[in-house]
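One structure below.
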Amino acid sequence: MGMRDKYRKPTTFRCNAGSRCSMSAVVWSLVGFLLFLHLYSLFSHNGGKDGEIQFHSSHHPLIRELEQVEEDNIQIPPPRGKRSPRAAKRRPKRTTTLIDEFLDENSQLRHVFFPGMKSAIDPMNDAGNNSFYYYPGRIWLDTEGNPIQAHGGGILYDEMSKTYYWYGEYKDGPTYHAHKKGAARVDIIGVGCYSSKDLWTWKNEGIVLAAEETNETHALHKSNVLERPKVIYNDRTGKYVMWMHIDDANYTKAAVGIAISDSPTGPFDYLYSKRPHGFESRDMTIFKDDDGVAYLIYSSEDNSELHIGPLTEDYLDVTHVVRRILVGQHREAPALFKHQGTYYMITSGCTGWAPNEALAHAAESVMGPWETMGNPCIGGNKMFRLTTFFAQSTFVIPLEGLPGSFIFMADRWNPADLRDSRYVWLPLIVGGPADRPLEFNFGFPVWSRISIYWHKKWRLPSVWRA
Ligand code: DGJ
């Protein structure tokens with residue numbers, strides 16, 4: 001026997017002195033162990049209600065249409081004008097990306113990202129076969145024929161009036177730069193409110209919280225910043241409570257503002273602004289859980305992390321409880337929602353008005369820990385997916401009667417003319433095929449996939465519309 005054979009591993013193991021276990025015994029023990037782990041992981045997952053086990057189920061035929069993957073190919077146009085070989089040598093041409101084209105007011109592709117008035121969605125005229133279609137990125141008209149002004153917005157479903165209310169930044173003013181290096185801005189005009197029964201036809205209810213024109217020390221003075229207003233209803237006090245991001249033109253105040261009203265259509269009374277828990281707070285949202293407890297979620301510590309904490313019972317302040325989440329991940333534009341006991345959140349990266357990649361996160365408890373799952377965008381093309389379809393998250397609307405189906409609301413900002421920023425509404429589905437299905441979770445939660453499907457044109461299933 002040569003040296004090699006002498007030291008070759010035996011195919012049987014010595015279990016104890018003198019006795020030999022066959023390889024098959026070991027394999028079977030391993031199989032048994034893995035089977036045990038599998039069953040354990042199925043039964044220990046408490047994502048479902050009352051301990052009910054959650055399986056990845058194939059969706060209802062009604063929403064299959066929403067899950068269809070639509071490709072979209074945008075070609076970057078060839079550079080305009082000829083460059084002399086000398087010029088090309090001196091300054092080699094920078095490669096243009098689609099984001100450059102998107103941000104370039106003079107791009108030949110402008111109409112692709114910001115189609116003109118001719119293709120506007122007009123629910124008052126698009127009746128019949130054309131009704132209820134969403135066209136992400138097109139101008140969307142209200143019932144009076146004016147473009148909807150509700151940017152960075154959110155939706156409240158009012159049980160009393162069985163009506164949806166869309167609140168957002170009313171930005172119908174000139175865009176300018178307060179300083180050479182400052183971000184593009186529009187003076188505060190106020191919070192716009194629109195009402196709808198079908199999430200498609202929106203009636204302008206006016207500005208429900210207006211800017212302060214004269215008092216320069218007021219948080220709502222027009223020279224400041226009011227962004228991402230969200231409204232929830234307090235069942236105990238019977239008040240509608242609005243939370244928003246309040247800042248100065250340089251974004252150094254980093255605070256929240258709170259306003260209150262007896263009616264969803266306002267007027268809202270501005271109460272005060274503050275730094276929640278003493279921390280910087282920029283992009284933010286609020287989330288009302290099924291048990292009536294509401295939470296504030298905000299980007300903090302120079303946008304490097306998010307903070308989350310419950311509001312007081314009257315929703316007019318934060319409590320002393322707060323958790324740091326997604327620490328070091330540099331996320332903003334949080335949009336939170338819940339499905340079958342699990343909390344989900346979509347966030348964006350921090351690149352000012354320029355679009356970037358969305359990420360989906362999940363948690364078993366709203367206070368965390370939160371886990372980052374990856375980019376939820378599907379379809380379009382790679383650039384679409386890497387830019388959240390050239391938009392930024394703002395809110396996720398649950399669709400009553402279609403469990404697991406939501407509308408993802410995003411803003412396609414137009415930094416050259418912020419009032420002309422567009423709305424990108426797309427179906428968001430929880431569940432469905434996971435990219436990398438896990439065989440075993442070893443007791444750790446198995447999250448459902450979050451998918452946001454690109455569609456040039458889509459509408460909610462007829463049952464829902466009815
Ligand atoms: C990104 C934020 O998400 C927006 O709400 C706005 O604050 C812009 N930054 C300003 O650059």
Restricted to the range 220-253 and to residues being more than 11 Å from the ligand (Cβ to nearest atom) and among the basic types (Lys, Arg), the residue nearest to THR285 (Cα to Cα) is LYS230
Those residues of the range 299-330 that are in a loop (DSSP other than H, G, I, E, B) and touching a Leu at 6+ places or on another chain (Cβ under 6 Å) come to a total of 1
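Quick one: in the range 148-173, of everything that is in contact with a helix residue (DSSP H, G or I) (Cβ under 8 Å, 6 or more places away or on another chain) and surrounded by fewer than 19 Cβ atoms within 10 Å (Cβ to Cβ), which residue is farthest from THR285 (Cα to Cα)?
By that ranking, first place goes to GLY173.
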Given the conditions (1) within 16 Å of the ligand (Cβ to nearest atom); (2) assigned to a strand (DSSP E or B), every one holds for ALA362 apart from (1)
So, first residue without any contact (Cβ under 8 Å) to a residue 24 or more places away in the chain and in the same structural domain as TRP200 (by TED's automatic domain parsing) in the range 128-150, second residue surrounded by 14 or more Cβ atoms within 10 Å (Cβ to Cβ) and hydrophobic (A, V, I, L, M, F, W, C), Cβ within less than 8 Å, six or more apart or across chains; the pairs are LEU141/ALA120; LEU141/ILE121; LEU141/ILE148
Taking the range 149-187 and keeping residues under 20 Å from the mean Cα position of the chain (by Cα) and away from the ligand (no atom under 16 Å from the Cβ) leaves ILE155, LEU156, TYR157, TYR164, TYR165, TRP166
By residue number, the members of the range 315-355 that are within 29 Å of ASP104 (Cβ to Cβ), surrounded by fewer than 18 Cβ atoms within 10 Å (Cβ to Cβ) and either away from the ligand (no atom under 16 Å from the Cβ) or among the polar types (S, T, N, Q) (or both) are THR351
Per the list (1) within 16 Å of the ligand (Cβ to nearest atom); (2) in a strand (DSSP E or B), residue check on TYR272 breaks on (1)
**Asked** Does the range 424-436 include one or more residues that are within 16 Å of the ligand (Cβ to nearest atom), among the hydrophobic types (A, V, I, L, M, F, W, C) and buried (at least 22 other Cβ atoms within 10 Å of the Cβ)?
**Response** yes
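The values are calculated or read from the model by the stated rules, or taken from the named source; none is laboratory data. Please read these numbers as outputs of a predicted model, since none were measured by experiment. Cβ coordinates were reconstructed from backbone atoms using ideal geometry, including for glycine residues, and neighbour counts include every protein chain displayed.
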